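To start, the structure under review is shown below, and the notes come after it.
The values are calculated or read from the model by the stated rules, or taken from the named source; none is laboratory data. In this text the structure is predicted, and so the values were computed from the model without any measurement. Here the Cβ positions follow ideal geometry from the backbone for every residue, glycine too, while neighbour counts run over all protein chains shown.
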Amino acid sequence: MKSAVIMSEDAAWTKPLDVGYKDCLPTVGLKVLDHIRFSPDTTDFTPIFNKIEASKPDVIITGISHVGVQPTVQWKNQQVPIPMFGISSQATNSTFGKDTNNASDGVLYQGVSGTGVAVTPKSVPFADAFKAKYGNYPSYAGYTAYDEVYYIAEAVKRAGSTDADKLVAALEKTDYEGTIGRVQFYGKDDAFTHGLKYGKGLITGLMLQWQDGQQVAVWPPEVAKSKIKFPAFIKVTAN
Amino acid sequence: MTNVTSAAQKARMLPLQILIDGFAISALYALGATGFTLIFGVSGVLNLSHGAIMVAAAVAAWAASSTFGVGNYVGAVIGIATALVAALLTYFAVVQPIQRSRRIANEEKEIFVLTGTLLWGIMIQEVIAYLFTNNAKTVLPIVEGVVEILGVRTPRNEIFTALVCCLVIGLLWLLVNRTKMGKAVLAASMNPRGVTLLGLELTNIYVVVWAIYGVLAGIAGVLLGMFLGVSSYSVGPLTASAFSIVVLGGLGSVSGSLIAAFVVGYLETFTAYMISPAYRTIPALLLLVIVMYLRPQGLLGRR
């Protein structure tokens with residue numbers, strides 16, 4: 001793959017995301033051919049897919065959350081021959097397959113954890129207990145929120161106070177194995193002040209793909225359950 | 001192969017693309033607006049729960065086929081039946097009590113009906129959001145796959161949508177102009193008092209019109225669910241688009257609504273392709289404002 005088009009919904013959260021996409025994609029050898037920001041209330045994606053297809057990218061890099069079902073279904077119905085990869089928050093819902101009548105097959109999305117994926121020993125029991133209680137598996141926010149409750153509570157105990165400064169100092173020392181990986185934070189003088197530390201042994205994030213109506217982890221290799229595969233209408237260009 | 005088409009070919013195909021996509025969406029708008037304008041023409045009711053009834057049809061069709069696995073044909077029928085029930089319920093539970101009330105002054109009844117149907121629509125919307133979340137749902141298309149029309153890759157479902165819309169509108173025309181029941185409906189829209197003098201029960205005619213409306217809104221809703229997908233958020237925009245099409249075409253004029261639906265559909269598609277998808281609805285709304293200034297009765301309005 002050599003080229004990409006960024007397709008993001010026009011919302012505050014995608015502004016820094018798109019800056020990151022534009023900076024990082026060329027470093028992995030993907031030339032950014034076009035950058036499309038569309039209104040989150042868009043219902044007809046035909047003109048957008050046509051515009052993307054005209055610039056002939058090898059992949060569409062997504063930044064979508066408010067929308068998800070509609071572009072995915074129209075991508076399949078119109079047989080847009082380009083794979084979609086990136087952030088697609090609705091795809092993290094276990095109901096996404098049903099909502100799209102499995103038009104989701106082939107969609108690649110980033111996740112923090114996923115159904116049946118043992119990112120840590122806590123991941124699968126949490127997801128199963130969540131399903132037993134609420135009827136479906138958690139979306140991305142379910143995992144992060146669950147972990148947050150625990151490490152914030154620990155920090156409050158360590159600080160012996162809920163005073164903001166003491167709590168920040170305690171949170172900086174966080175070393176907590178949650179459902180999404182091992183949680184540690186950068187210090188206040190680091191480049192990514194108080195951001196989550198990413199990397200092997202900490203949090204890596206996952207890439208998952210909808211395959212035959214199921215969410216399947218495809219990266220990193222330690223937890224991958226399957227190789228990437230696409231529906232017949234997708235034309236994947238060679239590496 | 002679309003992959004090897006040159007940029008020049010792509011540019012030549014653009015007008016055709018707009019022509020095809022615009023036709024499908026316009027036909028869908030036309031179907032949605034026809035029932036809306038029919039009710040206004042016959043009984044003077046502006047039904048602001050229109051969008052909610054369309055969404056209810058699509059969500060019911062989705063739920064029937066994805067949760068209960070009834071298949072897409074049965075699912076579509078369940079969707080249309082849901083809209084029919086919702087439309088009759090709107091008439092009997094909301095519109096008729098207001099029209100018959102002695103405590104509401106006659107000159108205020110129109111505004112009561114507007115408010116009542118608006119609230120009713122919001123109630124339906126909230127029930128859908130509560131039961132099925134506000135995530136978008138899509139109805140499984142009855143025909144899948146794509147065909148190339150002179151090089152433009154077109155989903156078969158888009159062609160199917162356009163055909164069904166034209167067929168149903170044609171059947172409606174036959175029903176209104178060629179059957180006894182249709183003629184009674186037409187007569188009621190011209191002179192309600194005259195119809196009652198002929199011994200026809202006006203309420204029966206209203207029920208028939210609401211039933212026709214329900215079926216039309218149901219078909220439009222299910223087709224929209226297949227074509228683009230709907231969510232409980234679609235309720236407001238769908239009512240608004242039907243309302244502006246009907247006002248543009250002339251309140252109560254079915255042929256005016258048909259013309260207006262194509263004007264709005266093509267204007268939106270043209271804007272989305274040539275300017276930006278983000279500005280899709282703006283020129284059509286500006287046109288509505290201009291028409292309101294220059295010709296307040298709409299394109300083919302009578303009053």
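What the table shows:
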| read-out | value |
| --- | --- |
| Residue in segment B:199-207 that is crowded, with 18+ Cβ neighbours inside 10 Å, modelled with pLDDT of 90 or more and either within 14 Å of the chain's Cα centre (by Cα) or among the aromatic types (Phe, Trp, Tyr) (or both) present | yes |
| Close pairs (7 angstrom Cβ cut-off, 6 or more residues apart or separate chains): touching a residue at least 40 places away in the same chain (Cβ under 8 Å) and closer than 20 Å to B:Ala81 by Cα in segment B:220-244, among the charged types (D, E, K, R) and not in a helix (DSSP H, G or I) anywhere | B:Gly225/B:Lys137; B:Gly229/B:Lys137; B:Val230/B:Lys137; B:Ser231/B:Lys137 |
| Test: residue in segment A:155-166 that is buried (at least 16 other Cβ atoms within 10 Å of the Cβ) and touching a residue at least 24 places away in the same chain (Cβ under 8 Å) | no |
| Helices (runs of 4 or more DSSP H) wholly inside segment A:7-99 that include at least 3 residues being away from chain B (no Cβ under 14 Å) | A:14-27 |
| Answer residue from segment B:262-286, given it is surrounded by 18 or more Cβ atoms within 10 Å (Cβ to Cβ) and among the aliphatic types (A, V, I, L, M) and is farthest from B:Met13 (Cα to Cα) among those | B:Ala284 |
| Counted residues, segment B:152-167 - those being surrounded by 20 or more Cβ atoms within 10 Å (Cβ to Cβ) and under 20 Å from B:Ser253 (Cβ atoms) | 1 |
| Count of segment B:256-270 residues which are within 14 Å of chain A (Cβ to nearest Cβ), among the aliphatic types (A, V, I, L, M) and either more than 14 Å from the chain's Cα centre (by Cα) or under 23 Å from B:Leu89 (Cβ atoms) (or both) | 1 |
| Test for A:Lys166: is it part of a helix (DSSP H, G or I), closer than 30 Å to A:Pro231 by Cβ and in contact with a helix residue (DSSP H, G or I) (Cβ under 6 Å, 6 or more places away or on another chain) | no |
| Lone qualifier among B:Tyr233, B:Tyr213 - being within 28 Å of B:Ile78 (Cβ to Cβ) and more than 14 Å from every other protein chain (Cβ to nearest Cβ) | B:Tyr213 |
| Residue that is surrounded by fewer than 18 Cβ atoms within 10 Å (Cβ to Cβ) and under 20 Å from A:Met207 (Cβ atoms), where the choices are A:Ala141, A:Ala91, A:Ala129 | A:Ala141 |
| Subset tally (residues that are within 14 Å of another protein chain (Cβ to nearest Cβ) and surrounded by fewer than 24 Cβ atoms within 10 Å (Cβ to Cβ)) for segment A:102-120 | 2 |
| Test: residue in segment B:178-190 that is within 22 Å of B:Leu288 (Cβ to Cβ) and either buried (at least 16 other Cβ atoms within 10 Å of the Cβ) or more than 14 Å from chain A (Cβ to nearest Cβ) (or both) | no |
| Where a residue in segment A:204-233 is hydroxyl-bearing (Ser, Thr, Tyr) and its partner, wherever it lies, is not in a loop (DSSP other than H, G, I, E, B), with Cβ under 7 Å and at least six apart | A:Thr204/A:Tyr198; A:Ser226/A:Gln211; A:Ser226/A:Val216; A:Ser226/A:Val218 |
| Contacts under 7 angstrom Cβ, first residue in segment B:128-154 being more than 10 Å from every other protein chain (Cβ to nearest Cβ), partner among the basic types (Lys, Arg), 6 or more apart | B:Val143/B:Arg156; B:Val147/B:Arg156 |
| Residue in segment B:244-255 that is crowded, with 22+ Cβ neighbours inside 10 Å and over 16 Å from the mean Cα position of the chain (by Cα) present | no |
| Among the candidates A:Ala217, A:Ala224, A:Ala232, residue that is in a loop (DSSP other than H, G, I, E, B), under 16 Å from the mean Cα position of the chain (by Cα) and at pLDDT 90 or above | A:Ala224 |
